[in-house]
2 protein chains.
Amino acid sequence: MATIDALLANRVRGLRGSAIREIFKVTQQPEVISFAGGLPAPEMFPVKELAEISQDILLHKGAIALQYGITEGYGPLKELVKNRMQAQGIWSDQDDVVIMSGAQQGIDLTAKIFLNEGDGVICENPSFIGALNSFRAYKGVIHPVEIEDDGMNVEQAEEILKSNPSIKLIYTIATFQNPSGITMSLEKRKRLIELAEKYDVFIIEDNPYGELRFKGEEIPTIKSMDTSGRVIYVGSFSKILSPGLRLGWIIARPEVLQPIVVCKQVNDVHTNVFSQMIAAEYLTRYSIDEHIGKIRKLYGHKCGYMLECMEKYFPDFCKYTRPEGGLFIWCTLPEKYNSLDVLKKSLERKVAFVPGSTAMADMDKPSSSFRLNYSTMTDERIEEGIRILGEVLKSL
Amino acid sequence: MATIDALLANRVRGLRGSAIREIFKVTQQPEVISFAGGLPAPEMFPVKELAEISQDILLHKGAIALQYGITEGYGPLKELVKNRMQAQGIWSDQDDVVIMSGAQQGIDLTAKIFLNEGDGVICENPSFIGALNSFRAYKGVIHPVEIEDDGMNVEQAEEILKSNPSIKLIYTIATFQNPSGITMSLEKRKRLIELAEKYDVFIIEDNPYGELRFKGEEIPTIKSMDTSGRVIYVGSFSKILSPGLRLGWIIARPEVLQPIVVCKQVNDVHTNVFSQMIAAEYLTRYSIDEHIGKIRKLYGHKCGYMLECMEKYFPDFCKYTRPEGGLFIWCTLPEKYNSLDVLKKSLERKVAFVPGSTAMADMDKPSSSFRLNYSTMTDERIEEGIRILGEVLKSL
């Protein structure tokens, strides 16, 4: 088997697995207090409702749920997603929707249809490792742009667009960005659409956290302000219903969705039909907005509680964001520290988080930042974990 | 939106959706008698058992079923698949297993980790369009090899290997091949392993139908005779339990699976957890072998019945295979006929099948062959459809 390395495609050489998912394996040990991962609060899963729905579907529509389906998605779910997106101003009359096996597949196949080797993608730095790795896997070139308090530095983005004609995509998590928790201002969102038009590129608006606001004012999605079909909107059921069901969607012009559908056909034929029917039935029988309201309230509480604990236990030299929604707090230490070293020490004491370097365009450069997730642990474990982490930080 | 075509990656230019899946959309109209598609018999889905299992899982392990999972797959399901594969001689002690979101994902990601633009794949001609399109989507070059009554022409395969050093993969559905229904002989299977070793390539053994034998003698899988780790085995729950759940698996050496797992992470993070738990629980509570026994019996009956009807209604100039398992009968008309023309005429009379050209390496070349599926329709509709098709053929 000396030959496997010689036979591998260039695209997977040097491609590394997500450190987050490696850490996630450790965090499945129940004694670990995990602020790593981006897991939604399991106590929010509507298990009873979904159990009833599952049984009803299998007993009454089992032959549909268990059979092959259509690549574009289960019709009733497409319609329900369309209606929600329409109500949120995200849907335009020229759009269409395709159900994906999670938002990640939406990002991955969008990368697949656009990127030749060497084509560029502008990304916030830090950004979501899953998306960055999708771009890397098609040999795309990531052009990192710094994030300011009001989102991506759009001047820097324009400078990069000016001097790199091979750029095809701008990837942004505009609302409650992962990992920084930052939300892009209205002005910058409008500016980004102008840039996309001027430089003939597409914007991927990845919005898994947009509905999880627990503070401050709503800001319109980029997609809702797009009149020229430049924005490819990627949505997800993972944070508002369940990630285990692997359901997401893309809204874009048919010209964009058509090649994505062809690629989805050869990727996984279609998304799990049973899951799609479960989601459709949940949206029909219950108010998901009411459900999301409960999640917002819980996350607002958990975020506030974690911030309180951080004020109490963290040393002053650790700075952090105060998010208005989403799942993450982003912490930054003085530059001399490497958060990977901090992680090693904290894992010895059974506390896990995500080191900043994993979210950077250049993963090899040490980062003094790290990401804390507040959605999964109980209040008791949040306090205990932050107390331990505070001790680790103070011992540096 | 004049720009979308200019911005698309080379890999998707000229890539066409599966004609089968386009036909499948038509065949969802209940009045159509469809011998297209490869849908398993819906009356075989164990709906009651799965309804009970689904409810139990959500009520007692909902927090696991609905949460994010591990990319490699749900532990208990991996173990159960391993045990079945071990019992069938397919598993070697050096192997590992990864659960995929259907076998198609297994093929697609295997293509992704091996194929640079221009790298070659040897395929039976005709072959499974989903696999062919995966290879095309990574700009792989398909080297078609004719199928004889005992499977792929291995001499022709060796000639191609000799003169094309860029070949990396041999793709075969050795048992009850799709679409031809042909099974490769033991001698040719052994010879294929020798070729893989000699020319330093890997074999993808795609085996979705292998357990569906209703006649004749079992032949060992290629994987079970492989001692050098050259065979990547792709299995599927689609034809033995349910395709809607999207569950497949790959068995190979860890060196092969490691890059596949990295690509799966960026493709769909992990396979639907709820589905994996349903399959695991079904394998634990029930005998899937007993269940498969029932499917074999039904398909044996349906295949026999369709062949009887074909003898009665088809003109003599239509030749066809007499499969010992699987889902398909492969028909061949005299060369002057184009099965695409036959399809148009038969669709007017609400009977659908798959024209041969869609399964060929060169899809633009007219084919006088076509594929009939016998697993989905009732006996009444089989007779009615074959009678109509016979009339269409006689009218040519």
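What the table shows:
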| quantity | calculated |
| --- | --- |
| Three-way shape label, segment B:199-291, alpha-carbon gyration tensor, a/c 1.5 | oblate |
| Contour minus Cα-Cα distance for residue B:163 and residue B:10 (0.36 nm per residue) | 52.4 nm |
| Qualifying trypsin sites (Lys or Arg not before Pro) for segment B:2-108 [loop in DSSP, other Cβ within 10 Å: at most 16] | B:13, B:16 |
| Equivalent ellipsoid, the protein assembly as shown (semi-axes from 5 times Cα gyration tensor eigenvalues, Å) | 46, 27, 27 |
| Across B:78/B:112; B:312/B:350; A:264/B:198, pairs whose alpha-carbon gap is larger than 26 Å | A:264/B:198 |
| Inter-chain shielding of B:109-120 (mean C-beta neighbours from other protein chains, 10 Å cut-off) | 4 |
| In nm, spacing of pseudo-spin labels at residue B:28 and residue B:395 (7 Å Cα→C-beta vector) | 2.8 nm |
| Chain B, helix-only ellipticity at 222 nm - DSSP H runs n ≥ 4, -39,500 (n - 2.57), divided by all residues, nearest 500 | -13500 deg cm²/dmol |
| Label-point separation, residue B:255 to residue B:94 (7 Å along Cα→Cβ), nm | 0.8 nm |
| Beta bridges per DSSP with both ends in segment A:69-285, % antiparallel, nearest 5 | 40 percent |
| For chain B, with +1 on Lys and Arg beta carbons and -1 on Asp and Glu, the positive-most of B:122, B:64, B:4 along the dipole | B:4 |
| Reciprocal of mean inverse Cα separation for segment A:133-188 (Kirkwood radius, Å) | 12.3 Å |
| Sparse-neighbour loop sites [trypsin sites (Lys or Arg not before Pro); segment A:305-351; at most 12 other C-beta within 10 Å; DSSP] | A:336 |
| Label-reachable residues, segment B:109-148, where backbone N falls under 15 Å from a point 7 Å from residue B:190's Cα toward its Cβ | none |
| Chymotrypsin sites (Phe, Trp or Tyr not before Pro) restricted to DSSP loop in segment B:297-396 with at most 16 other C-beta within 10 Å | B:317 |
| Charged-residue dipole, Cβ positions (Lys, Arg, Asp, Glu), chain B about Cα centre, Debye nearest 20 | 700 debye |
| Beta bridges per DSSP with both ends in the protein assembly as shown, % antiparallel, nearest 5 | 50 percent |
| Once exposed loop GluC sites (Glu not before Pro) are cut out (DSSP; at most 16 other Cβ, 10 Å), longest piece of chain B | B:219-334 |
| Net charge dipole size for the protein assembly as shown [Lys, Arg +1 and Asp, Glu -1 on Cβ; Debye, nearest 20] | 180 debye |
| Inter-copy label distances at residue A:315 (7 Å, Cα→Cβ; nm, one decimal) | 8.9 |
| Positive minus negative residues near residue A:392 (Lys, Arg vs Asp, Glu; Cβ under 12 Å) | +3 |
| Label 7 Å beyond Cα on the Cβ vector: residue A:217 copy-to-copy distances, nm | 8.1 |
| Other-copy label distances relative to residue B:149, 7 angstrom Cα-Cβ extension, nm | 8.2 |
| Rounded to the nearest 20 debye, dipole of segment A:69-285 from Cβ charges on Lys, Arg, Asp, Glu | 540 debye |
| Rg/Rh for segment B:69-285, where both radii come from Cα atoms and Rh is the Kirkwood radius | 0.94 |
| When chain B is reduced to its Cα atoms, the Kirkwood hydrodynamic radius in Å | 21.9 Å |
| Positive-pole candidate from A:172, A:203, A:227, dipole of segment A:171-257, charges at beta carbon | A:172 |
| For residue B:368, net neighbour charge (Lys/Arg +1, Asp/Glu -1) across residues whose Cβ lies under 12 Å away | +1 |
| For chain A, share of DSSP beta bridges that run antiparallel, in % to the nearest 5 | 50 percent |
| Local electrostatic count, residue B:155, Cβ distance below 13 Å [Lys/Arg +1, Asp/Glu -1] | -4 |
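FYI, it's all coordinate maths here, none of it is from the lab. Nothing here was measured: the structure is a model prediction, and the numbers come from that model. Heads up, the Cβs are rebuilt from the backbone with ideal geometry, glycines too, and the neighbour counts pull from every protein chain shown.
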